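Chemist: Handing you this structure, nothing more for now.
Coordinate-derived values only; no laboratory data. Every value quoted in this text rests on a predicted model; they were computed, and no experiment measured them. With ideal geometry, Cβ positions are generated from the backbone for all residues, glycine too; neighbour counts draw on all protein chains shown.
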Amino acid sequence: MATTLRLKGEKGLGLIEVMISALIICVALLGVAATMVQGVSAVYFTQEQLIAKQKAREALESVFTARSTQNITFNQIQNNNVTGGIFAVGFQAVRGMGVDGIANTADDASTNIESIILPGNDGLLGTADDQVLPLTNYQRKIAISSVLDTDGNVDPDIRQISSEVRFQTNKVWRSVTVNSFVSRFP
């Protein structure tokens, strides 16, 4: 019978130990890969979110400008389900701001869906490789509501405006909302 002679302190790795080490490394690499995928997805989502936020702000600015220049009265700053209101109810396609220059009003229906121009591969705007991105997967809603005073009565001189823009990415709707107040006094 042959005996195996081992020196004291000399040990090797068994097959099971090597397999467990390989499994741990694979799990770690999968975690890194998943993080990379999420990062790329977040960059794409951030661009769409920035566009939505800008379109929501533009809508508010159009209301403030029209009120300040007195192109509309304070009574018109309401949704069109309220007497005198000019703003469409519910989500609407993000279109150009018609003749009146105000977002989400009746005259917007005659304008095209907005688009934005992004720089192409050269990173410069105004060159031949620019990309035109139509905002067909964006919708905007302007909701105007009354504000209550400290006694719980409707304040006749101020209204809250909520401009919400939603966009669809990967068949999921996401939204950005910008809120502000508008007063009767310019």
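Chemist: Show that you can apply the helix-only estimate: for the chain, add -39,500 (n - 2.57) for every DSSP H stretch of four or more residues, divide by all residues, and state [θ] at 222 nm to the nearest 500.
Modeler: Roughly -11000 deg cm²/dmol at 222 nm, from the helical runs in the chain.
Chemist: Hey, how many Å between the Cα centroid of segment 84-100 and the Cα centroid of segment 141-186?
Modeler: The two parts, judged by their Cα centres, are 14 Å apart.
Chemist: Right, something else. Restricting to Cα pairs below 8 Å that are 6+ residues apart, what does the relative contact order work out to for segment 65-131? Please round to a whole percent.
Modeler: 17
Chemist: To continue, here is another question. Along Cα→Cβ, 7 Å out, is where each label goes; now give me the distance between the ones at VAL89 and PHE185 in nm to one decimal.
Modeler: The answer from the label model is 3.3 nm.
Chemist: With a cut-off of 8 Å between alpha carbons and a minimum separation of six or more residues, what is the relative contact order of segment 13-102 in percent?
Modeler: Once normalised by length, the contact order is 15 percent.
Chemist: Okay, next question. Starting from the Cα gyration tensor of the chain, multiply each eigenvalue by 5, take the square root, and state the resulting semi-axes largest first in whole Å.
Modeler: In descending order the semi-axes read 59, 23, 13 Å.
Chemist: Please give the helix 15-68 orientation as an angle from the longest Cα principal axis of the chain, in degrees from 0 to 90, rounded to the nearest 10.
Modeler: 10
Chemist: Still on this structure, I have one more. Can you give the extra length, in nm with one decimal, that the chain gains between ILE116 and ILE24 once fully stretched, where that is 0.36 nm per residue apart less the Cα-Cα distance?
Modeler: 28.5 nm
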